[in-house]
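The values are calculated or read from the model by the stated rules, or taken from the named source; none is laboratory data. What you see is a predicted model; the values in this text were computed from it and never measured. Neighbour counts are summed over all protein chains in view; Cβ atoms, including those assigned to glycine, are modelled from backbone coordinates with ideal geometry.
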C-alpha cells in the first residue's frame, strides 16, 4: 500500500456514504417489509409458526442458489449453470445416499463437493483459460443437464427422512424452523467470507479488474475461487431441495434460473459487479415468495402474475437507483440545457455555416500497401473457428449418413431451420455489440407470432396488413426496452427480463390461453413451398444476410453500435447519440424477434404460446460462438452466421441419430465449449 | 416519491383482485403447471366450466393459479393455498415426487389434494389419470401390425426427464424390441408440441428422406407429420402410418377422403384417409377431479386412484360431431368440425360418461352444458 493512501485509512466514511453503499439492500428490505405488511393485512389470521415454517422452507432453495449467483455476479461474471447443478445434486443424493447417519453426513459434503467441482470447471475456463463466463456456463449447463439425465431419467428416488427433518423440519419444534437455521448459517458464512481478503478482493475485481490487478491482487485465483464458492452454494441448494421434496426430479433446477437472477437483482446486487451482497439476495428471494402468496390471496388472474412480477422488479431496481445522478435526471438536465441553448442561440446547430476553428488535415505519409490477409487478420481469427466447426460437422454428417454433402435437400432443410436464428442473431448480436443483452426474445416472438396468426386467420389479404403490423409492434416494444434502459437507466437484463414477463401476460390475455389463429396459404408457402428449386425462405435468408452485413458494417448506425459497445462515454464525447443508438438497437432486436414469430407461425401453420422459449439461449450462443465479445464492441455478423450454421448443423446431425437425449446435451455443450476455446485470446 | 410509486403499484395489484369469497362455499384452488399449450388451456377451461355448472355454482368457490414449469413455485403455491384455508386443492403436478412433502403437509391439515393427468406419489393424494404404459404400448403394437412387423420407424418422444414420457417411451420400445424387423432410425424429442415436432422432424428428414421411413410413433405430432408429407408432394394414399396423438386435426385427417358434411377444412386440416391410431390423455381429467373432490367434501367415498379409460381410436372408429354437445358425444362421435375448432392442435378427447356437465363449449370457452 502506498504512503499517499495512509492518511485516509483512519478516517471513517460519512454516514451518508455508508448508507449509500448499502442502498440496494435497504431498498430490498423496504420492499420486502411493504409486501410483508400487505400479505399479512390481507391474510386472515395472524402470522403463525406454521406460516413461518412454510415461508422459510419455500424460499430457502432459491435463497441459497441466489447467494451463489451473487458471488459470481459481484466479480462481474454470470453463471447459467446454477439450476443444472441443483438438479444434479438432487439426483445424486436420491440415488446414492444411504439411510445411515454417516452416509447422510458424507453426502451432505458430497453435495457441496459436486457444486464446488462444477464451479472449479467453470472457474478454470473463465479465469485461467479466459473464456467468456456466459458461454462457459452455458456449456457446463448443457453438460451437467446431460449427466443428470444419465443418472436418473425420470423423477423418483428417496431421501432419508432424517436428512429431510434435519434440513427442512424444525430446529426447535414450534419455535424455530430448520430452514431459518440453514439460511442463517449460509449468511454467517458469507459475512465471514466477505471480511476476508478474498471477500474484499471479490468486490475489487467487480468494480475494476484492471485496478485490482494493478493493486497486486491475484485476480485469476480470486475469480476461480468465486465460481467454486458459488458452486458450493448451489450444492447446498441442491441438498436443501432434496430434503424439502424427499425425492429427486432431474428437471427441478432448470426452470429456477430466471428466478435466481430476479432474486439477485431484487436484492440490490449490481449486474456487472462490484456492489451488492448475499444478504440482499436472501431478502430478494423471500420477496419473490411473498409475491406468490399475495397474488394468490388477491386472486389475481393467472395471466397477470408474470406482469406483476415484472412490474415489481422494475420498480424495485428503479427505487434503488434513482437519485440526482441517475440517467433520467441526466436527460432532464441535458434537455433543459439544450432548450436554453436553442433559446439563447448558443446551440452548435445555430452556427452550422461558420468556419471551424481548426481543420483536419490528412497526414501525407506514404503507407506501404497492406495485404488483405494482414488487414483482416483479427476479423478472421474470431470469425473462422465457427466455420471450421461447421465444416467438421458437415463432414461428420456425411460420414454418418453418407448423403449430406452431395444432397441439395439437406442444405435446403439446414437453411430453413437456420433461418430463425439467422434473423435473431442480427437483433441479439447488435444488442450484445453494445454491451447489452435482450432477454425479452421468448415472449416477443410468442406475442407477435400469436397476434399475427390471430389477425390473419388463414387469409392472404389479411396477412398483407397483419404482418407489417406485427413487425411494427415488435419494433415498438423493442424501442420501449431501449427507452427503459436509456431514460430510466435500468440495466438491460432487468428491463428485458421484466418486459418478457409483461409480454407473456399480454400474450395470455390476448389469446385467452388458447391461440387459435393460423397462417395463411401464402405464409405457409413461404416456409414450406418451392421457388426456383428451393424453399422461398432460402432466398429471403440470402437477402437478409446481405442487408445485415450492410447495416452493421457499412452504415453510420452500424459504426455507432460498435462505438457504444467500445465505450459509451467515449462515444458520447465523440458526438454519437448514445441513447438514440441504444433505442435503435433494441427496436431492431424487437423487429427481428417479431419476424421470427411470424416465420415460426408460418412454418408450423399455427402460433402457440411458448413457441419462443427455445430460442433465447441459442440466440446468445450463436452470437458468442461467432466470435462476439459478450461485453460488447467486438464481433461481426459473418461470425454470428457461422455460429448459426455450426449449431444448426450440429442439432440436425444429433436429431437423425438414436443417441440418448442426455448424451446429445453433453455433446452440444462440449461443441460450444470447443468452439469458444478456439476463439481464445492468445496473449491477453 | 419512490415509495409512492410502489404503493401505487401495490394498489394496482389490489384492484386486479376480484370478488370476495362467500363463506358457505367450499374453497377450492386449482394449481396448474403451464398455460402455454392447448391441452393445459382446455383442461383449465373444463375445470372452470365444471365449477360454473348449475349443480356446482352454489357450492364451489374456485381460484386458479399457475406455477409455470417451476416445481419450486408450485410448492410455494400449494403452501400458500393451505395457508389461505383451502378445503381442496386440484393440481396438475409438475413433478410426481417433488410435491410429496408439501402435499403430505396439506393432508395433515385436512386439505384434500386431487392431482389430474400426471400423478403425485404421496399416498394421501388422489390421482386421476390414464395408464401411461398402455398409452405407449397400444399405439406401438398397432404400428407394428400395420407394418407387418418390418420397417424403419421414427420415434418422437415428449419432454425427456418426465415420468409420463419415460413410461410411454419405454413401453413402446419394449414392443419394438420384440420385433427384430422394426428398426428405429431416428429419435427426436417433440416436447408434446406440434411446433417442436415440426422442427425435430425437419431435422430428421434432412438426413433420412421420407422414402426411407416406413412409419412413425409420436407422442404428439402426427398432424404435423401428415402436413410435412403433403408439402413434400406425397399423395394421401402413400402417407406413412402414424401412431399418435388425439388432436382434432389428426382425427380429421384420419377420416376417409371425401367424407360428407365437413365444414371449414383448409390446407392439411382435411380428411385424407391417413392410416393412424389416435390415443389421448383426456383433458377432462381436471374437471372430473374437481367433481370428485366436491363429492368427497360432501362425504362420499372416492378411491385414491381414478383410472381413466384410455381413449384409443383407429380410422374406422373416428366419427364426426356436428354440434359437440355431451349428448352427441355420448352417442359415439369423437372429432369436431374444423369450422367449430379452428385450431387443429386442439385436443378432441373431451368425452367422459362421468361428466355430463361439460361438452365442447366447456373445452372451448369454459361454458358448461345446460
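Quick look at the numbers
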item	result
Subset tally (residues that are closer than 17 Å to residue B:92 by Cβ and within 14 Å of chain A (Cβ to nearest Cβ)) for region B:121-157	4
Residue B:160 being surrounded by fewer than 24 Cβ atoms within 10 Å (Cβ to Cβ), farther than 30 Å from residue A:291 by Cβ, facing chain A (nearest Cβ under 9 Å) and modelled with pLDDT under 90	yes
Test: residue in region A:418-439 that is touching a residue at least 60 places away in the same chain (Cβ under 8 Å), facing chain B (nearest Cβ under 10 Å) and crowded, with 24+ Cβ neighbours inside 10 Å	yes
Lone unmet requirement of (1) surrounded by fewer than 22 Cβ atoms within 10 Å (Cβ to Cβ); (2) within 14 Å of chain B (Cβ to nearest Cβ) for residue A:468	(2)
Qualifying residues in region A:629-644 (those that are buried (at least 24 other Cβ atoms within 10 Å of the Cβ) and within 19 Å of the chain's Cα centre (by Cα)) - the one farthest from residue A:404 (Cα to Cα)	A:635
Any hit, region B:142-150, residues being at pLDDT below 90, within 30 Å of residue B:343 (Cβ to Cβ) and surrounded by fewer than 23 Cβ atoms within 10 Å (Cβ to Cβ)	no
Matching residues, region B:68-95, being crowded, with 24+ Cβ neighbours inside 10 Å, farther than 22 Å from residue A:260 by Cβ and at the interface with chain A (Cβ under 7 Å from one of its Cβ atoms)	B:81
Some residue of region B:204-218 being under 16 Å from the mean Cα position of the chain (by Cα) and buried (at least 24 other Cβ atoms within 10 Å of the Cβ)	yes
Residue within region A:125-141 that is within 26 Å of residue A:162 (Cβ to Cβ) and in contact with a helix residue (DSSP H, G or I) (Cβ under 9 Å, 6 or more places away or on another chain) present	no
From the options A:676, A:663, A:671, A:644, residue that is in a helix (DSSP H, G or I) and more than 20 Å from residue A:620 (Cα to Cα)	A:663
Residue list for region B:33-67, restricted to those being touching a residue at least 24 places away in the same chain (Cβ under 8 Å), more than 7 Å from every other protein chain (Cβ to nearest Cβ) and either under 30 Å from residue A:56 (Cα atoms) or over 22 Å from the mean Cα position of the chain (by Cα) (or both)	B:33, B:34, B:54, B:55, B:56, B:58, B:59, B:60, B:61, B:62, B:67
Top-ranked residue of region A:170-188 - restricted to ones that are in a strand (DSSP E or B) and without any contact (Cβ under 8 Å) to a residue 24 or more places away in the chain, ranked as surrounded by the fewest Cβ atoms within 10 Å (Cβ to Cβ)	A:172
Test: residue in region A:645-655 that is under 24 Å from residue A:436 (Cβ atoms), surrounded by fewer than 21 Cβ atoms within 10 Å (Cβ to Cβ) and either in contact with a helix residue (DSSP H, G or I) (Cβ under 7 Å, 6 or more places away or on another chain) or in contact (Cβ under 8 Å) with a residue 24 or more places away in the chain (or both)	no
Matching residues, region A:36-56, being in a helix (DSSP H, G or I), more than 7 Å from chain B (Cβ to nearest Cβ) and at pLDDT below 90	A:39, A:40, A:41, A:42, A:49, A:50, A:52, A:53, A:55
Helices (runs of 4 or more DSSP H) wholly inside region A:197-296 that include at least 2 residues being under 23 Å from the mean Cα position of the chain (by Cα) and either closer than 30 Å to residue B:85 by Cβ or not assigned by TED's automatic domain parsing to the domain that holds residue A:311 (or both)	A:257-266
Residues within region A:262-301 that are under 30 Å from residue A:632 (Cα atoms) and surrounded by fewer than 24 Cβ atoms within 10 Å (Cβ to Cβ), tallied	6
Residue B:106 being part of a helix (DSSP H, G or I), outside the structural domain of residue B:303 (by TED's automatic domain parsing) and buried (at least 22 other Cβ atoms within 10 Å of the Cβ)	no
Test: residue in region A:155-167 that is assigned by TED's automatic domain parsing to the domain that holds residue A:270 and within 27 Å of the chain's Cα centre (by Cα)	no
Test: residue in region A:599-611 that is within 30 Å of residue A:404 (Cβ to Cβ), under 22 Å from the mean Cα position of the chain (by Cα) and modelled with pLDDT under 90	yes
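Residues are listed down the side, and each one gets a yes or a no for (1) part of a loop (DSSP other than H, G, I, E, B); (2) farther than 20 Å from residue A:180 by Cβ:
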position: A:30; (1), (2): no, yes
position: A:58; (1), (2): no, no
position: A:72; (1), (2): no, yes
position: A:80; (1), (2): yes, yes
position: A:84; (1), (2): no, yes
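Yes/no per residue for (1) over 30 Å from the mean Cα position of the chain (by Cα); (2) at pLDDT 90 or above; (3) surrounded by fewer than 21 Cβ atoms within 10 Å (Cβ to Cβ):
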position: A:102; (1), (2), (3): yes, yes, yes
position: A:106; (1), (2), (3): yes, yes, yes
position: A:112; (1), (2), (3): no, yes, yes
position: A:115; (1), (2), (3): no, yes, no
position: A:132; (1), (2), (3): no, no, yes
position: A:139; (1), (2), (3): no, yes, no
position: A:142; (1), (2), (3): no, yes, no
position: A:145; (1), (2), (3): no, yes, no
position: A:149; (1), (2), (3): no, yes, no
